[in-house]
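Every number here is computed from the coordinates shown, using simple stated rules; none is lab data. All values derive from a computational prediction rather than experimental measurement. Cβ sites come from the backbone with ideal geometry, for glycine too, and all protein chains shown count toward neighbours.
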Amino acid sequence: MDFTMGAAATALRGELRGLVAEHVPPGFLGAFTEDPADLETAQRFCRSLAEQGLLCLAWPEEYGGRGASVWEQTVVREEMWAHHEPRGAQYMGVNWVGPTIMRHGTPEQRRGHLPPIARGEVIWCQGFSEPDAGSDLASLRTAARRSGDGWSISGQKIWTSYATMAQWCFLLARTSTGEKKQHGLTIFLVPMSDPAIEVRPIPSMLGPHHLNEVFFDDLRVTETDVLGTVDRGWEVVQEVLSFERVGIARYARCERLLQAAPSMLGSGWDDLPPELKGRWARMLAHCRRARLLAYQVVSTQDEGTVRPGDAAAYRIAVTRLDQQSAEVLMEIVAAVRPTGGEGRRFLAEVEDHWRYSQASTVASGSIEMQQILLSRALMAS
């Protein structure tokens, strides 16, 4: 496996790193901090990427992309996540909201929603999980009932990232009941500015914007807000989750921080216990394993499909890597504290990585659910 992907990919990585160095200030730890300037940095950076056709690189040209390969988009994904995702929440629209609208949306929905995503102007959130329907998503109770020539939606979502800043929500609601709970679910594209929607932030160590409750009180929508076929939203959701789970290249950030550790500690690196250095080396090997599993999913994406078992295997590997690498890095900086300006920034990065890793095995489907999906795929093969 050639992890460099060739000369063109190397050049693209260089271009992206140059843009990050030019537009993203040192010490940037993502868009979702207490400082509003960080979100504005991300929004400006998105617009800069969009102007050069790099934000939605693999999208068709008619929708604002370059028509590049999924492998080139993978390079973008890796470089962004390695540098604390300076696109902010845009990865959601780029990786799966936009492509899902391309595949299942009406011509009017494609014209209305895709250009703003491609220009980096709009943020989306995902209205899936509920208090009693997290990993068991099909048990959701948010209901959409026929009302005149449209629908009335009432219910609650929880753990909704970016709900405080999003302009649109990719909302899953129950429109009917069937023999299986996966039947009778429908996707709606709804504006977060509607007064029938209330967002309540949930304080956590992840900081603002990541965890929110969202309440829908008789939200009125029309048929034009339905994505795909009424009552068959579960089929689209399965596709969405597979793309979402591989769309976050956590391994790239893990690998960059691990590789930076020796230089950041300087001579102090030699004083680390051999056992800790051995775990550090093992984590680097696990980074490559997660990358290989991600590339396996990307290769099936390139063929127009995603196998749920492949996506689950990647998700299990990368979330475990996220937490285990964070623990190793925290032990390293606790044993020898980095000094100087770069050292302090590295320490802040490690602490940020550890904090976010705590949620990695439950976000986007718990690791237990991924294990069930993988076991089912293996039994069926």
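Observations, loosely collected:
- Value of Rg/Rh across the chain [Cα atoms, Kirkwood radius]: 0.97
- Taking other Cβ atoms within 10 Å as a rough exposure proxy, T177, T339 sort from fewest to most as T177, T339.
- With semi-axes defined as the square roots of five times the eigenvalues of the C-alpha gyration tensor, the equivalent ellipsoid of segment 282-381 measures 32, 14, 11 Å, largest first.
- Residue-wise HN-Hα couplings along segment 169-181, as the Karplus relation 6.51 cos²θ - 1.76 cosθ + 1.60 with θ = phi - 60° gives them from phi, are 10, 8, 9, 10, 9, 8, 10, 6, 10, x, 5, 10, 5 Hz; Gly and Pro carry x.
- Each Lys and Arg Cβ is given +1 and each Asp and Glu Cβ -1; about its Cα centre, segment 125-231 then shows a dipole of about 140 debye.
- As a proxy for reagent exposure, ranking K157, K277 by other Cβ atoms within 10 Å from fewest up yields K277, K157.
- Counting beta carbons within 10 Å around each of H84, H23 and listing the fewest first gives the order H23, H84.
- Gyration tensor (alpha-carbon) shape descriptor, segment 84-134, a/c threshold 1.5: oblate
- Ellipsoid equivalent to segment 209-325 - semi-axes via the Cα gyration tensor, in Å: 40, 19, 10
- 5 angstrom amide H check on S129, placed H, neighbours 5+ away: I158
- Estimated [θ] at 222 nm from DSSP helical runs (n ≥ 4, -39500 (n - 2.57)) normalised by residues in the chain, nearest 500: -16000 deg cm²/dmol
- Per the Debye calculation on segment 17-99 with a single equal scatterer at every Cα and no solvent contribution, log₁₀ I(q)/I(0) for q = 0.16, 0.26 Å⁻¹ amounts to -0.57, -1.36.
- Degrees, to the nearest 10: 367-380 long Cα axis against longest axis of the chain: 80 degrees
- Close amide-amide hydrogen proximity is noted between G88 and A31, each under 5 Å apart and 5 or more residues distant or on a separate chain (H modeled in the peptide plane; Pro and chain starts excluded).
- Working note: Karplus 6.51/-1.76/1.60 with θ = phi - 60° gives segment 34-51 the couplings 6, 8, x, 5, 5, 5, 5, 4, 5, 5, 5, 5, 4, 5, 5, 4, 4, 4 Hz, where Gly and Pro are set to x.
- Distance histogram for segment 1-149 (every C-alpha pair counted, 5 angstrom bins, percent rounded to whole numbers): 2, 9, 16, 18, 17, 14, 11, 7, 4, 1, 1, 0
- The distance between label points at A21 and D218 comes to 5.9 nm (points 7 Å beyond Cα on the Cα→Cβ vector).
- Where the Cα pairs of segment 83-222 fall when distances are cut into 5 Å bins, in %: 2, 10, 19, 21, 22, 17, 7, 2, 1, 0
- Computed from point charges on the beta carbon alone (+1 for Lys and Arg, -1 for Asp and Glu), the dipole magnitude for the chain about its Cα centre is near 620 Debye.
- Computed over Cα pairs, the Kirkwood radius of segment 137-293 leads via Stokes-Einstein (1.567 mPa s, 4 °C) to a diffusion coefficient of 69 µm² per second.
- Straight-line reach from K181: taking Cα to Cα under 16 Å and skipping same-chain neighbours fewer than 8 places apart, the aspartates and glutamates in range are E130, D132, D136, D231, E235.
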